[in-house]
Structures are given as structure tokens and as C-alpha cells.
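Below is one structure, written out as C-alpha cells, with a few remarks after it.
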Amino acid sequence: MNDKIVQKIESLPPLPKTIIEIEEFRKKPDKELGELLRIIEKDALIVSTLLKIANSAMFGFRTKVEAPSRALNLLGINFTVSIAIGGSIQNLLKASLKPYGITSDDFMKGSNIASSLANIWLSSFEIEHQDDIILASLLQEVGKFVLASIIVSDGKQDEFFAKVEASSVKDAEYQFLQTSTSKVTAQIFRHWKLSDNLINLIEFVDDIANVEEGFKQGVQILDVIRTAASVIEPLSDENVNKALKKAQIYGFDMEILKTSIEDLKNKLVENEEI
């Protein structure tokens, strides 16, 4: 990893105390709504993000959600934890994503769609590290903020985007930065001392041949989700077809995945999210 990326990661501000408390809560075998609510209510940014997402068209609840306690009850513990951690991390990593041809709002929308797909798909079968996979599906692309800031500071924004359009994000990242989003995201989380499971899952999404056997299926799931619900045009026909081809190669039940994607697409169309 080049020096600019390392320096950028090492200069990141520390995680807010609330996120450290939520990460500790996430590791507990028995999780209580009341404890999570007490942690969340101490952080105005998390409360604001939680209510914004709970009231978005993605969920389409019949009445406005005005209290974090109601949002937590409606969204559930795992999804609330993902939103809290994801929103805070995105706030810390503020940078223009123009080199990728998207905005921060596009990024948040794509990340939430990825997390929703993980929730729906993984509810259909047993998988080790399930909670970590769901959180990783939301967070695995945050390295793009660090990479984009370096591309912009180097004045290569237009060249990089041209390569993205002509080839792929992966090719552009390796040509200009000799690394990938997944590697950088893992290094960011290592810097912040987040869970080893989360790091192991994310770090090898572009290098599945070298992942530890115990994490292999989880990494394959993340690759499928990242492909289908890319932050660039999530759930487009092209991205879904690419994801289905990968899932077939990995040996996943194709009908379960197709049904999960269709269920999510229908829900988003009904609520005018795509």
C-alpha cells in the first residue's frame, strides 16, 4: 500500500466513543434493545441518521418515525447497529466521490441497499459470522473515500473516472493506486481496532483465493452483494446479472438469491427508491 494511503489512514480521527460502545455491544451474545437505545441516545448524529433512514422511502412505514426507540423496534438490533456504525464512519471519512462518478448520497443509498440485500438473503440459510457479514456488506466500500481524496489531490479525477467507465473500478484502482477498496477498507478498520472478523471478511473480497477457509463463504457472499448492490448503479440489470454469475460459480442456491433480489427490488420500486 503506497505511502499516501498509509499516511491518510493514520491521520484519520479516532472513532467516537459511542461507536466503540456499539462495537462492544455488538460482540455480546445476548443483546438487549434497551442497552443499545441508551448508547445511541447519547449521540445526536446517530439519532438523526437513524430517524432519516427509518423515514426514507426504502422502508415506507405508514406513520412518521419520530423517536429512536420506535426506529430501533421497527428496524431491529442488527440493522440499527449497522446504520449507527456506517453513518458515523461515513461522516468521519468525508470526501468527494467524483472520481467514481457518484455522490455521498449515492454511496449511502447503495450501502443501505447492500445491507438490506444481505438481511433478506441471509435470513434464508445458516452461515457463520452472519452479523459480521451484514455489517460488512454496509461498510465494505468505505475505503473509496480515502482513495477518492488521494485521486482528487493528485489532480487525476478525470483520468480515473475515464478508466472506471472504459474498464472497471477494480482496474482503475490498481492502475492509479496499486490497491483496491477492500484492502483499504480493511486497513482503515485495522487502524480503528474494529473486530478481526470484520477485517478478515472485507480484506479478501478481491483476493478470495487467499482467504482463510473459515471466512471463504462469507467473503464470497460479500462479493456477490457488492456486485449486485454496487454503490454505482445498485441493482441495475447488468450488476445483478454479474452477481448471479458469481453466485453460480461459488455454488450458492440461485433461486434463493434471485428471490431475495426480486423481493428487494419490488420493495424499492413500491417505495420509489430505484
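Averaging over all projection directions, the Cα-based convex hull of region 71-216 occupies 9.3 nm² in the image plane.
Ranked for footprinting exposure by Cβ neighbours inside 10 Å, fewest first, 232, 225 give 232, 225. Note on region 64-138: percent of Cα-Cα distances in each 5 Å bin, starting at 0 and stopping at the bin with the largest distance, equals 3, 14, 22, 22, 20, 12, 7, 2.
For region 1-40, the set of trypsin sites (Lys or Arg not before Pro) satisfying both a DSSP loop assignment and a count of at most 16 other C-beta atoms within 10 Å is given as 27, 31. Footprinting exposure proxy ranking of 134, 20, fewest other C-beta atoms within 10 angstrom first, gives 20, 134. Return the calculated 222 nm mean residue ellipticity for the chain, to the nearest 500 deg cm²/dmol, obtained by summing -39500 (n - 2.57) across DSSP H runs with n ≥ 4 and dividing by the residue count. Mean residue ellipticity, 222 nm, calculated: -21000 deg cm²/dmol.
Treat the count of other C-beta atoms within 10 Å as a stand-in for reagent exposure and order 238, 35 from fewest to most.
Ordered from fewest to most neighbouring Cβ atoms within 10 Å, 238, 35 come out as 238, 35.
With the cut-off at 33 Å, report for region 3-270 the share of all Cα pairs above it, as a whole percent. For region 3-270, the share of Cα pairs beyond 33 Å comes to 17 percent. Bridgeable aspartates and glutamates around residue 156 (alpha carbons under 19 Å apart, same-chain partners fewer than 8 residues away excluded): 3, 165, 171, 173. Stokes-Einstein, applied to the Kirkwood radius of region 1-107 over Cα pairs at a viscosity of 0.692 mPa s and 37 °C, places its translational diffusion at 214 µm² s⁻¹. Listed by chain and number, the aspartates and glutamates whose alpha-carbon sits under 12 Å from that of residue 4, ignoring those within fewer than 8 places in the same chain, are 154. Distance from the Cα centroid of region 46-64 to that of region 1-29 is 26 Å (rounded to whole angstrom). Once C-alpha pairs closer than 8 Å and six or more residues apart are averaged by separation and normalised to the residue number of the chain, the relative contact order reads 21 percent. Step through the table entries 17/94; 64/258; 52/216; 8/31; 144/193; 31/193, compare each Cα-Cα distance with 29 Å, and write down the pairs that go over it. The answer is 64/258; 52/216; 8/31.
Where a number appears in this text, it was derived from the coordinates with a stated rule and is not lab data. Since the structure is predicted, the reported quantities are computational estimates derived from the model, not experimental observations. Because the Cβ atoms are built from the backbone with ideal geometry, glycine has one as well, and the counts that use them run over all protein chains shown.
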